[in-house]
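Reading through the structure tokens given below for one structure.
The values are calculated or read from the model by the stated rules, or taken from the named source; none is laboratory data. This structure is a prediction, so every number in the text was calculated from the model and none was measured. Using ideal geometry, Cβ is built from the backbone for each residue, glycine included, and neighbour counts are taken over all protein chains shown. The area values use the complete protein model at the heavy-atom level, side chains included, leaving out ligands, DNA and RNA. Shrake-Rupley method; radii C 1.70, N 1.55, O 1.52, S 1.80 Å.
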Amino acid sequence: MAKKFLLGLAIFVFWTNLFAGEFLIDTSVVYVPAPYSQVHPSVAFDGTNYLMVWADDRDMNNKIYGARIDQAGVILDPAGIVVSVAEGYCPSVAFDGTNYLVVWDDYRYQGWPNIFGARVTPAGVVLDIAGIAISTAANGQSFSSVAFDGINYFIVWHDNRNNVNEDDIYGARVSKAGMVLDPSGIPISTAPDDQYFPSVAFDGTNY
């Protein structure tokens, strides 16, 4: 019965990906999903392994999970790594040469989301169990993205502090030690109406 279920699941995934224009490179790797949904993945590479992070609803309360994957496609943490036990969504991850920084939308304060982060070692150890508060400004901050410039991280997000009905883009630098260097945030775009869903990259000089 279990074999028939897994075979049926594999066929379903194959045809779903085929019609979506997607396909598996490593067809020999078996992926067994956790219960309920796992969404919004982001991935970074440390020179040896990848760290993939996502929002995970396996216990019916979205948390931030991760897993390391080697270059051969072997999942090193098949049960996943719990990065944050607070309710969270939309993680993003970057590597600084020593550790990863994972950032996400965090709902621990029961209302508007804030931007939190945590450092994770290449061995899969979460260094900031309680999370780092990157932005807890008024109203909501969400949909963060992170990059590293060789010295510090830069995180960007969309932000409602100026108007609950309009999104602006803010950012903040975070050091490799996890210190928030711009606790009030840096306004990047506060034009009229909405600016949202930011993404960030570094070119060797500027973001």
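What are the residues in the stretch 158-177 that are in contact (Cβ under 8 Å) with a residue 60 or more places away in the chain and either surrounded by fewer than 17 Cβ atoms within 10 Å (Cβ to Cβ) or assigned to a loop (DSSP other than H, G, I, E, B) (or both), if any? If the condition is that a residue be in contact (Cβ under 8 Å) with a residue 60 or more places away in the chain and either surrounded by fewer than 17 Cβ atoms within 10 Å (Cβ to Cβ) or assigned to a loop (DSSP other than H, G, I, E, B) (or both), then K176 is the only one that fits. Restricting attention to the stretch 138-157 and to residues that are modelled with pLDDT of 95 or more and in a loop (DSSP other than H, G, I, E, B), the residue that is most open to solvent (accessible area, probe 1.4 Å) turns out to be I151. The residue that is farthest from I151 (Cα to Cα), counting only those in the stretch 71-93 that are out of contact with any Ser or Thr (no Cβ under 8 Å at 6 or more places or on another chain), at pLDDT 95 or above and buried (at least 24 other Cβ atoms within 10 Å of the Cβ), is S84. Residues in the stretch 113-127 that are out of contact with any Gly (no Cβ under 6 Å at 6 or more places or on another chain) and in contact (Cβ under 8 Å) with a residue 40 or more places away in the chain: I115, G117, V120, P122, G124, V126, L127. Among residues of the stretch 178-198 that are touching a residue at least 40 places away in the same chain (Cβ under 8 Å) and of a type outside the set (A, V, I, L, M, F, W, C), those with a beta-carbon under 7 Å from a residue that is open to solvent by less than 80 Å² (accessible area, probe 1.4 Å) and part of a loop (DSSP other than H, G, I, E, B) at least six positions away or on a different chain give the pairs G178/D128; G185/A137; Y196/D167. In the set (1) of a type outside the set (V, I, T); (2) outside any loop (DSSP other than H, G, I, E, B); (3) open to solvent by 10 Å² or more (accessible area, probe 1.4 Å), the condition left unmet by D105 is number (3).
Annotation note: of T205, T190, the sole residue that is closer than 22 Å to V93 by Cα, more than 22 Å from the chain's Cα centre (by Cα) and β-branched (V, I, T) is T205.
Against the condition closer than 20 Å to G97 by Cβ and open to solvent by 20 Å² or more (accessible area, probe 1.4 Å), how does N206 come out, does it pass? Yes; evaluated as a whole, the condition is true for this residue. Given the criteria assigned to a loop (DSSP other than H, G, I, E, B) and open to solvent by less than 60 Å² (accessible area, probe 1.4 Å), does A34 qualify? Criteria met by A34.
Within the stretch 146-185, the set of residues being among the small types (G, A, S) and farther than 17 Å from G131 by Cα comprises A147, G150, G171, S184, G185.
Any residue that is over 30 Å from G47 (Cβ atoms), modelled with pLDDT under 95 and surrounded by fewer than 17 Cβ atoms within 10 Å (Cβ to Cβ) - is there at least one of those in the stretch 112-134? Checked the stretch 112-134: no residue is over 30 Å from G47 (Cβ atoms), modelled with pLDDT under 95 and surrounded by fewer than 17 Cβ atoms within 10 Å (Cβ to Cβ).
The condition of being free of Cβ contacts under 8 Å to residues at least 60 places away in the same chain, open to solvent by less than 70 Å² (accessible area, probe 1.4 Å), part of a loop (DSSP other than H, G, I, E, B) and among the charged types (D, E, K, R) holds for only one of R68, R58, that being R58.
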